[in-house]
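The values are calculated or read from the model by the stated rules, or taken from the named source; none is laboratory data. Computed from a predicted structure; not experimentally measured. Heads up, the Cβs are rebuilt from the backbone with ideal geometry, glycines too, and the neighbour counts pull from every protein chain shown.
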Amino acid sequence: MKSFSGVLTVLVTVALMSLGGPARATDPYDIYVILALTGPLALIGNDEQTSLRIEERVINAQGGIKGRPVRFVFQDDGSQPATAVQLVNGIIAKGVPILIGPTYTASCLAVAPLVRVNGPLTYCLSPAIHPATGSYMFTSSISTLDQTIAMLNYAQSKGWKRVAALTTTDATGNDGEAQLRAALSLPQFSRMQLVGVEHFALGDVSAAAQAARVKAANPDLIIITCVGTPTGTALRSLKDAGLDATPVMANFGNLIHAELNGFAGFIPKNMYLTAPRFVQHDVSGNGPVRDAQLAFYKAFAARGIDPDVPHNLSWDPAMILIQALRHLGTNATAKQVQDYLEPLHGYAGTNGLFDYRDGSQRGLGLTSVVVVKWDPVKKNWSTVSDIGGKVRMK
């Protein structure tokens, strides 16, 4: 009888273990992340993954979430919206409350309807989407409208009035063009003129005809509204058209050392980009934002990395979600996390004090963006504007 009861106890124990049970304090808390780890946006997606891996170590060194370690679970959508949709459907089936990603604008737009009603709360890493107020979709960093206003503030300060644009026909390019037209309609830019907009497809290897038409428009400034590989296509085509001396501006999705160094053979003499405020860590005033910036740079310095903008796109969103879970606990629902974020303000991130109360679902605005200039000799950028884009006063 003793032998039988002992065997029975073992069998029952094994059966219960196989059925699972409540998570233990030592079990990792999994946060699913969808990134473009392959495809044309891979340079951005891999930086975001590197950042989250570094962040995971920082978070767990701080005790994780109430003593429970955090684990980011990465999935690759290949820079393809259809793949992102498949991945999100699988994640929804798991019943998780939060999701980070995707990387790509079109992918974020594709998955937004899936999470609209019940979540998970999804923190898209593309600034080029504009989520509905009160939705389960949030978005990273400074909006493309605020970036464009900063570009035009800088251009106006420099006396550049004639603006042309070279843009891709994908969601990123379409949004960039729409925000450029919206910004130029503002009263403060009434003396500026859009002299031409040219389009090329995401997979095109040349935009020579478009660049020739841009040249014929005689612009003072050319704005490129694309990221990744297409930016190289645009810059190469502009150089071949003889526009090397004309100032060019691009959004901060291109502020990547490897990308800009890769474009060295055809990058213009006057290459400007918008940038989040974290790049100003060396001149920031003392306070909680500078503290957040220094902690960010310290974490990357420990790995021998000089961080790019994509490293930063995933940093603050992940930290904010971790703060929410530390407050709510690991059993928090998507609705509880949403309710925590919507009124959140005063949170010190690397790009300023977050304030979600305006309904933008991003927490940052024009005061979190500057303009930088790329130096191909030093292979780095320097800040050339004050906050909001106006030329820095010396």
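Taking each residue of the range 370-394 that is in the same structural domain as residue 268 (by TED's automatic domain parsing) and looking for partners that are in a loop (DSSP other than H, G, I, E, B) and surrounded by fewer than 12 Cβ atoms within 10 Å (Cβ to Cβ) with beta-carbon atoms closer than 7 Å, six or more apart or interchain, yields 376/264.
Can you pull out the residues in the range 195-237 that are under 29 Å from residue 141 (Cα atoms) and among the aliphatic types (A, V, I, L, M)?
Narrowing the range 195-237 to residues under 29 Å from residue 141 (Cα atoms): 196-204, 220-236.
Those that are under 29 Å from residue 141 (Cα atoms) and among the aliphatic types (A, V, I, L, M): 197, 201, 202, 221, 222, 223, 224, 227, 234, 235.
To keep it simple, each residue is scored yes or no on (1) modelled with pLDDT of 95 or more; (2) outside any strand (DSSP E or B).
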residue	(1), (2)
354	yes, no
357	yes, yes
361	yes, yes
364	yes, yes
367	no, yes
371	yes, no
381	no, no
389	no, yes
394	no, yes
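As a summary of the residue check, residue 296 satisfies the conditions (1) modelled with pLDDT under 95; (2) out of contact with any strand residue (DSSP E or B) (no Cβ under 8 Å at 6 or more places or on another chain); (3) buried (at least 21 other Cβ atoms within 10 Å of the Cβ) except for the one numbered (1). Condition (residue is in contact with a strand residue (DSSP E or B) (Cβ under 6 Å, 6 or more places away or on another chain) and assigned to a strand (DSSP E or B)) applied to the range 144-162: is it met by at least one residue? Yes.
Contact list please: Cβ distance under 6 Å, first residue in the range 287-304 and small (Gly, Ala, Ser), second residue assigned to a helix (DSSP H, G or I), pairs at least six apart or on different chains. Short answer, once both residue conditions are applied: 299/54; 299/58.
Restricting attention to the range 1-52, and to residues there that are more than 30 Å from residue 232 (Cβ to Cβ) and of a type in the set (D, E, K, R), which single residue is modelled with the lowest pLDDT? Before the answer, list the steps.
As a first pass, look at the range 1-52 and keep what is more than 30 Å from residue 232 (Cβ to Cβ): 1-32.
Add one more test, that the residue is of a type in the set (D, E, K, R), and what stays is 2, 24, 27, 30.
Numbers: 2: 42, 24: 65, 27: 92, 30: 98.
Going through the qualifying residues, I end up with 2.
Among the helices (runs of 4 or more DSSP H) confined to the range 39-140, the ones with at least 1 residues that are within 20 Å of residue 338 (Cβ to Cβ) and under 16 Å from the mean Cα position of the chain (by Cα) are located at 105-115. Report, by residue number, each residue of the range 100-143 that is aromatic (Phe, Trp, Tyr) and either in contact with a strand residue (DSSP E or B) (Cβ under 6 Å, 6 or more places away or on another chain) or outside the structural domain of residue 355 (by TED's automatic domain parsing) (or both). Matches in the range 100-143: 123, 136, 138. Would it be correct to say that residue 228 is crowded, with 22+ Cβ neighbours inside 10 Å and on the phi > 0 side of the Ramachandran plot? Yes, satisfied. Can residue 114 be described as of a type in the set (A, V, I, L, M, F, W, C), surrounded by fewer than 22 Cβ atoms within 10 Å (Cβ to Cβ) and within 23 Å of residue 252 (Cβ to Cβ)? No; evaluated as a whole, the condition is false for this residue.
Just wondering, is there one or more residues in the range 90-109 that are aromatic (Phe, Trp, Tyr) and farther than 20 Å from residue 225 by Cβ?
Our first condition is that a residue be aromatic (Phe, Trp, Tyr); within the range 90-109, this holds for 104.
Now narrow it down to the ones that are farther than 20 Å from residue 225 by Cβ: none.
No.
Exactly one residue out of 273, 255, 235 is surrounded by 16 or more Cβ atoms within 10 Å (Cβ to Cβ), within 25 Å of residue 158 (Cα to Cα) and at pLDDT below 95: that is 255. Within the range 97-120, work out how many residues are at pLDDT below 95, under 23 Å from residue 40 (Cβ atoms) and of a type in the set (A, V, I, L, M). Summing the residues that are at pLDDT below 95, under 23 Å from residue 40 (Cβ atoms) and of a type in the set (A, V, I, L, M) in the range 97-120 gives 1. Within the range 356-382, the set of residues being on the phi > 0 side of the Ramachandran plot and either buried (at least 17 other Cβ atoms within 10 Å of the Cβ) or of a type in the set (S, T, N, Q) (or both) comprises 361, 363.
Do the conditions hold for residue 243, that is, is it touching a Cys at 6+ places or on another chain (Cβ under 9 Å), among the hydrophobic types (A, V, I, L, M, F, W, C) and not in a helix (DSSP H, G or I)? No, not satisfied. The set of residues in the range 285-328 that are over 22 Å from residue 346 (Cβ atoms) and over 20 Å from the mean Cα position of the chain (by Cα) comprises 298, 301, 302, 303, 304. Scoring residue 340 on the criteria (1) aromatic (Phe, Trp, Tyr); (2) over 21 Å from residue 139 (Cβ atoms); (3) in a helix (DSSP H, G or I) leaves a single failure, condition (2).
Listed conditions (1) out of contact with any Lys or Arg (no Cβ under 6 Å at 6 or more places or on another chain); (2) without any contact (Cβ under 8 Å) to a residue 60 or more places away in the chain are all met by residue 332, apart from (2).
Do we have residue 306 as acidic (Asp, Glu) and within 29 Å of residue 42 (Cα to Cα) here? Considered against the rule, which asks whether it is acidic (Asp, Glu) and within 29 Å of residue 42 (Cα to Cα), residue 306 comes out as yes.
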